Amino acid sequence: MFFGRKTAASETPSPFEFELDGKPVIITPRRHASARRMVLRAARDGEGFALTLPRRHSQRAITEFLHASSDWMRNQLARLPAKSVIADGATIMLRGVEVKIRTTGKHRGIISYDAASATLLLPGSEAHLQRRLTEWLKQQALEDLRHATSTYAAAMGVTYRKISVRDQKSRWGSCTTDGVLSYSWRLILAPPFVLDYVAAHEVAHLREMNHGPRFWRLVLTHCKDTRRAKTWLKQNSNLLHRAV
């Protein structure tokens, strides 16, 4: 285990491995200034757990807490959906719709989507299907997020400098003070109102770099599906991270 002493309140602990039934599980500590006790939550990507820590803690206290939480962690891991295998006949979510994958058998060609039959035609060798599909989904996500971001930026009277998509594990989007917005490409798998909300959330940070009352008033004014989207993400985060 990473912790070997009491950690000062100003330090940020690093992720570490905890052995559960002979297998390593990644624990990602996060300090919260107002936390009075340790709290364990399943990571959004299903790959381990997030551990909220109070200002001061010890290795012994963390170890005892994790051992006491072992049964709960086993139950959480058992409930995870199996990670999708990309192959002919498999299904994935695309903009909230279940889509069937059909491989073309051709090594070259472009990926095409038939909305009428909810079918995705995927060329390429079997060894490269996952990579090709992921790159196509990233491009789709970037296009949708550019549109949503531009729409909200105009409505809120702000400007941004750059948009990018990444495979972020702990958040769906981020915004820097110099106008750089970054989103998880996996939002393209969710229903459009979810991607739309995340764009509104990050654009609002260009005016309010906080989560105070004025920030939420701004988001709710421009995005009517905010509460619906937040509930959907809370219930389905693991599905998005294990879908591709």
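Quick notes
- Those strands (runs of 3 or more DSSP E) lying entirely in the range 118-228 with at least 2 residues modelled with pLDDT of 95 or more and hydroxyl-bearing (Ser, Thr, Tyr): 180-184
- Odd one out for Glu143, checked against (1) under 25 Å from Tyr113 (Cβ atoms); (2) surrounded by 15 or more Cβ atoms within 10 Å (Cβ to Cβ): (2)
- Taking every residue in the range 31-52 that is farther than 12 Å from Ser69 by Cα and pairing it with any residue that is at pLDDT below 80 and in a loop (DSSP other than H, G, I, E, B), at least 6 positions away or on another chain, the pairs with Cβ-Cβ distances below 6 Å are Asp45/Lys169; Gly46/Leu80; Ala50/Ala43; Thr52/His32.
- Top-ranked residue in the range 48-83 [being surrounded by fewer than 16 Cβ atoms within 10 Å (Cβ to Cβ) and in a loop (DSSP other than H, G, I, E, B); ranked as modelled with the highest pLDDT]: Ser58
- Filter result for Ile92 (exposed (fewer than 13 other Cβ atoms within 10 Å of the Cβ), outside any helix (DSSP H, G or I) and of a type in the set (A, V, I, L, M)): no
- Of all the numbered requirements in (1) within 24 Å of Val194 (Cα to Cα); (2) surrounded by 18 or more Cβ atoms within 10 Å (Cβ to Cβ), Asp114 misses one, and that requirement is (2).
- Thr231 satisfies every condition listed in (1) at pLDDT below 95; (2) surrounded by fewer than 16 Cβ atoms within 10 Å (Cβ to Cβ); (3) of a type outside the set (A, V, I, L, M); (4) under 20 Å from Arg95 (Cβ atoms) except (1).
- Listed by first and then second residue, the pairs linking a residue in the range 82-101 that is without any contact (Cβ under 8 Å) to a residue 12 or more places away in the chain to a residue that is in a loop (DSSP other than H, G, I, E, B), with Cβ atoms under 8 Å apart and 6 or more places separating them unless they lie on different chains, are Ala90/Ser84; Thr91/Ser84.
The values are calculated or read from the model by the stated rules, or taken from the named source; none is laboratory data. For clarity, every value in this text was computed on a predicted model and none was experimentally measured. Here the Cβ is made from the backbone with ideal geometry for all residues, glycine too, and neighbour counts use every protein chain on show.
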